[in-house]
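> Here it is, the structure, as C-alpha cells.
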Amino acid sequence: MFRHKGKARTYTHNLKLASILSTVAGIVNIVGVLAVHVLTTNVTGHFAFFSEQLFLKSYSAALIYLYYILVFLLGAFISGLIAESSAKRRSHISYSIPLIIEISIMLSISFSSFLSNSGIQSLSIVISSALLFAMGLQNALVTRVSQSVVRTTHLTGLFTDLGMDLSKLFFFKEKSESIKLNRSIFLKLIIIGCFFFGSMLGGFGYRYFELKTLFIPVFFLLLALWYDRILFRFYTLKRKFKHLE
C-alpha cells in the first residue's frame with residue numbers, strides 16, 4: 001500500500017490507501033469542526049476567512065487564518081522533506097516517519113481531552129494547527145505515494161475530476177479505455193464514500209468521547225502500518241522460497 005511505486009504500484013494498492021486514509025481525514029475534519037470550530041483537512045475555506053477578516057480590518061483574526069494556511073503548508077513541506085531525504089536509503093522511512101508523527105499528534109490531542117473544557121478552549125489554536133499540520137503531512141504523503149492519483153484530505157478537486165469522468169461515460173470508448181475510466185470513477189467514489197463514513201463515525205464518536213474520538217484514526221493508521229509491514233514480510237519470504245526451489 002505504501003512501499004510500491006511506479007510500475008510496481010497497482011490499482012488495488014491505491015484503493016487500500018484511499019479507503020483507510022480518507023476515512024482518517026473524514027474523522028479528523030469533523031472532530032476539528034466540533035471541538036474547535038476549524039476545518040482541518042483543507043485550506044480553501046481559510047483563504048476565504050482570511051480575505052473576509054482583511055476586508056473587515058480585523059487584522060489579528062486574519063493573521064490566525066494565514067497561520068492555519070502556513071501550518072498546513074509546513075506539514076506538506078516536512079512530509080516531502082522526509083520523503084526526499086530517505087528516498088535513496090531506506091524507502092519505508094519515507095512513509096513511516098510522517099505517519100508516526102501524525103499518530104503522535106493525534107494521541108497528544110486525544111490525551112488533552114482529559115483537561116477541563118476551559119483548558120481545551122485555551123488550547124484551541126494549538127489543537128487546530130496541530131491537526132492542520134497532520135493533514136498536510138498526510139496529504140503530501142498520499143499524493144507522493146500514489147503519484148497524485150489519490151487525494152484524501154479534501155474533496156473539491158475530487159468532485160471536479162469525478163464530474164469530468166462521469167461525462168465521458170456518454171461517449172463510446174474502447175474496452176480498455178472503458179475499464180480504465182470505470183476504475184477511476186470507482187476509486188473517486190471510494191474516497192468520497194470513506195471520507196463521508198469517517199465524518200459520520202467521527203461525528204457520532206464525538207458526541208460520546210469528544211477529543212478521545214481521535215483514538216479511532218490512530219487505530220486505522222497503526223493498522224495500515226502493521227498491514228503494510230506484514231504484507232512486505234510475506235512477499236519477502238515468498239521470494240526467498242522461490243529462489244530455493
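The values are calculated or read from the model by the stated rules, or taken from the named source; none is laboratory data. Since this is a predicted model, take the numbers as computed values, not measurements. Counting neighbours? That spans all protein chains shown, and the Cβs are built from the backbone with ideal geometry, glycine included. Remember, those area values only see protein heavy atoms, side chains included, never the ligands or the DNA or RNA. Shrake-Rupley method; radii C 1.70, N 1.55, O 1.52, S 1.80 Å.
> Right, Arg151: in contact with a Gly (Cβ under 9 Å, 6 or more places away or on another chain), over 18 Å from Phe220 (Cα atoms), in contact (Cβ under 8 Å) with a residue 40 or more places away in the chain and of a type in the set (D, E, K, R) or not?
Here the answer is no, as Arg151 does not meet what is asked.
> Whether any residue in segment 52-61 is farther than 15 Å from Ser129 by Cα, at pLDDT 95 or above and crowded, with 17+ Cβ neighbours inside 10 Å is what I want to check.
Yes, segment 52-61 has at least one match.
> Let me ask you something else. Among the residues of segment 145-200, write down those that are modelled with pLDDT of 90 or more, under 23 Å from Arg9 (Cβ atoms) and within 13 Å of the chain's Cα centre (by Cα).
Within segment 145-200, Ile191, Ile192, Cys194, Phe195 qualify.
> Now for a different question. Residues in segment 1-42 that are under 20 Å from Val145 (Cα atoms) and open to solvent by 20 Å² or more (accessible area, probe 1.4 Å): how many?
Count: 16.
> Then there's this: With respect to Leu137, determine if the residue is within 20 Å of Ile103 (Cβ to Cβ), in contact (Cβ under 8 Å) with a residue 60 or more places away in the chain and touching a Gly at 6+ places or on another chain (Cβ under 7 Å).
yes
> Let me ask something else. Just need a number here: residues in segment 1-53 that are assigned to a helix (DSSP H, G or I), among the β-branched types (Val, Ile, Thr) and without any contact (Cβ under 8 Å) to a residue 60 or more places away in the chain.
Final tally of qualifying residues: 2.
> With the checklist (1) buried (at least 19 other Cβ atoms within 10 Å of the Cβ); (2) modelled with pLDDT under 90; (3) not charged (D, E, K, R) in hand, flag the one item Ser91 doesn't pass.
Only one criterion is unmet by Ser91, namely (1).
> Would a scan of segment 179-191 turn up a residue that is surrounded by fewer than 18 Cβ atoms within 10 Å (Cβ to Cβ) and not in a helix (DSSP H, G or I)?
No, every residue in segment 179-191 fails to be surrounded by fewer than 18 Cβ atoms within 10 Å (Cβ to Cβ) and not in a helix (DSSP H, G or I).
> Can you find, within segment 147-161, the residue that is least open to solvent (accessible area, probe 1.4 Å) among those that are part of a helix (DSSP H, G or I) and closer than 27 Å to Arg3 by Cα?
Leu158
> Does segment 209-217 contain at least one residue that is in contact (Cβ under 8 Å) with a residue 40 or more places away in the chain, open to solvent by 30 Å² or more (accessible area, probe 1.4 Å), of a type in the set (D, E, K, R) and within 20 Å of Lys16 (Cβ to Cβ)?
No: zero hits.
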